[in-house]
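Structure first, commentary second.
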Amino acid sequence: MKNGSGLREQVLERCKGYCEKCGKALPYGWALHHRKLKSRGGQDTVQNFLALHHECHNTGTKSVHMNPMEAERNGWIVGSWQDPLECPVTLPDGSSVILTEEGTYFYQEG
(Lines give C-alpha, C1' and ligand atoms only; values in the text may rest on other atoms or scores of the structure.)
Protein backbone atom coordinates (compact mmCIF):
# COMPACT_ATOMS: atom_id res chain seq x y z
CA MET A 1 0.00 0.00 0.00
CA LYS A 2 1.37 3.42 -0.91
CA ASN A 3 1.41 6.35 1.46
CA GLY A 4 -1.23 9.09 1.19
CA SER A 5 0.71 11.38 -1.16
CA GLY A 6 1.77 8.45 -3.37
CA LEU A 7 -1.86 7.34 -3.67
CA ARG A 8 -2.92 10.90 -4.45
CA GLU A 9 -0.36 11.08 -7.27
CA GLN A 10 -1.41 7.66 -8.59
CA VAL A 11 -5.11 8.67 -8.69
CA LEU A 12 -4.26 11.99 -10.35
CA GLU A 13 -2.21 10.15 -12.98
CA ARG A 14 -5.08 7.69 -13.62
CA CYS A 15 -7.63 10.47 -14.19
CA LYS A 16 -5.17 12.67 -16.12
CA GLY A 17 -6.11 15.67 -13.93
CA TYR A 18 -9.87 15.51 -14.55
CA CYS A 19 -12.71 14.94 -12.08
CA GLU A 20 -13.84 11.32 -12.33
CA LYS A 21 -17.48 12.36 -11.82
CA CYS A 22 -18.00 15.47 -13.99
CA GLY A 23 -14.95 15.43 -16.28
CA LYS A 24 -13.82 19.02 -15.67
CA ALA A 25 -10.18 19.82 -14.96
CA LEU A 26 -9.31 19.46 -11.29
CA PRO A 27 -8.36 22.62 -9.42
CA TYR A 28 -5.45 22.84 -7.01
CA GLY A 29 -7.55 21.71 -4.05
CA TRP A 30 -9.37 18.53 -5.08
CA ALA A 31 -10.66 15.65 -2.97
CA LEU A 32 -9.73 12.00 -2.73
CA HIS A 33 -13.12 10.35 -2.29
CA HIS A 34 -13.46 6.92 -0.66
CA ARG A 35 -15.87 4.83 -2.74
CA LYS A 36 -16.27 2.40 0.14
CA LEU A 37 -16.65 4.97 2.86
CA LYS A 38 -14.31 4.78 5.84
CA SER A 39 -17.39 4.40 8.04
CA ARG A 40 -18.17 1.23 6.05
CA GLY A 41 -14.67 -0.19 6.39
CA GLY A 42 -13.16 1.47 3.31
CA GLN A 43 -9.39 1.47 3.00
CA ASP A 44 -6.88 3.95 1.57
CA THR A 45 -6.23 2.12 -1.72
CA VAL A 46 -6.05 3.39 -5.28
CA GLN A 47 -9.05 1.29 -6.34
CA ASN A 48 -11.12 2.75 -3.50
CA PHE A 49 -10.34 6.38 -4.38
CA LEU A 50 -11.86 8.75 -6.92
CA ALA A 51 -10.50 12.18 -7.77
CA LEU A 52 -13.35 14.69 -7.41
CA HIS A 53 -13.90 18.44 -7.34
CA HIS A 54 -15.04 19.52 -3.90
CA GLU A 55 -18.39 20.43 -5.48
CA CYS A 56 -18.74 16.89 -6.89
CA HIS A 57 -17.51 15.42 -3.61
CA ASN A 58 -19.53 17.05 -0.88
CA THR A 59 -20.25 20.76 -1.32
CA GLY A 60 -22.56 20.85 -4.35
CA THR A 61 -26.22 19.91 -4.51
CA LYS A 62 -25.31 17.17 -7.05
CA SER A 63 -22.39 15.85 -5.01
CA VAL A 64 -21.90 12.15 -4.31
CA HIS A 65 -22.62 12.62 -0.61
CA MET A 66 -25.81 14.63 -1.24
CA ASN A 67 -27.10 12.03 -3.73
CA PRO A 68 -26.13 8.62 -2.35
CA MET A 69 -28.60 6.63 -4.50
CA GLU A 70 -27.16 8.08 -7.72
CA ALA A 71 -23.66 7.63 -6.32
CA GLU A 72 -24.31 3.95 -5.61
CA ARG A 73 -25.85 3.41 -9.09
CA ASN A 74 -22.70 4.83 -10.67
CA GLY A 75 -20.17 3.12 -8.39
CA TRP A 76 -19.01 6.37 -6.81
CA ILE A 77 -20.09 4.89 -3.47
CA VAL A 78 -20.11 1.14 -2.77
CA GLY A 79 -21.73 -0.83 0.03
CA SER A 80 -19.98 -2.13 3.12
CA TRP A 81 -20.37 -5.69 1.75
CA GLN A 82 -18.83 -4.80 -1.63
CA ASP A 83 -15.24 -4.92 -2.85
CA PRO A 84 -14.28 -1.79 -4.83
CA LEU A 85 -12.19 -4.01 -7.13
CA GLU A 86 -15.40 -5.69 -8.30
CA CYS A 87 -17.67 -2.64 -8.58
CA PRO A 88 -17.65 -0.68 -11.83
CA VAL A 89 -17.51 3.11 -11.87
CA THR A 90 -19.29 5.25 -14.45
CA LEU A 91 -16.92 7.88 -15.84
CA PRO A 92 -18.09 11.26 -17.19
CA ASP A 93 -18.12 9.93 -20.78
CA GLY A 94 -20.48 7.12 -19.75
CA SER A 95 -17.79 4.42 -19.82
CA SER A 96 -18.02 1.69 -17.21
CA VAL A 97 -14.64 0.83 -15.70
CA ILE A 98 -13.11 -1.18 -12.89
CA LEU A 99 -10.45 0.73 -10.94
CA THR A 100 -7.43 -1.56 -10.71
CA GLU A 101 -4.87 -2.06 -7.96
CA GLU A 102 -2.27 -0.77 -10.45
CA GLY A 103 -4.02 2.61 -10.67
CA THR A 104 -5.53 2.17 -14.14
CA TYR A 105 -8.97 1.76 -15.69
CA PHE A 106 -10.16 -1.63 -16.93
CA TYR A 107 -12.96 -0.87 -19.41
CA GLN A 108 -16.09 -3.02 -19.24
CA GLU A 109 -17.79 -4.10 -22.43
CA GLY A 110 -20.96 -2.11 -23.19
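When residue 98 is evaluated against the numbered criteria (1) more than 22 Å from residue 7 (Cα to Cα); (2) under 11 Å from the mean Cα position of the chain (by Cα), which criterion, by number, is the only one it fails? It fails just one condition, (1). Looking across segment 97-110 at every residue that is surrounded by fewer than 16 Cβ atoms within 10 Å (Cβ to Cβ) and within 22 Å of residue 16 (Cβ to Cβ), the one that is modelled with the lowest pLDDT is identified as 110.
Remark: residue 63 matches the filter, which requires a residue to be buried (at least 16 other Cβ atoms within 10 Å of the Cβ) and hydroxyl-bearing (Ser, Thr, Tyr).
Which one is surrounded by the most Cβ atoms within 10 Å (Cβ to Cβ), of the residues in segment 9-20 that are within 14 Å of residue 105 (Cβ to Cβ) and touching a residue at least 40 places away in the same chain (Cβ under 8 Å)? So the residue we want is 20. Applying the condition of being surrounded by 15 or more Cβ atoms within 10 Å (Cβ to Cβ) and in contact with a Leu (Cβ under 9 Å, 6 or more places away or on another chain) to segment 75-87 and asking which residue is farthest from residue 34 (Cα to Cα) yields 87.
The values are calculated or read from the model by the stated rules, or taken from the named source; none is laboratory data. Keep in mind that this is a model prediction, so the values were computed, not measured. Glycine gets a Cβ as well: all are built from the backbone with ideal geometry, and neighbour counts include every protein chain shown.
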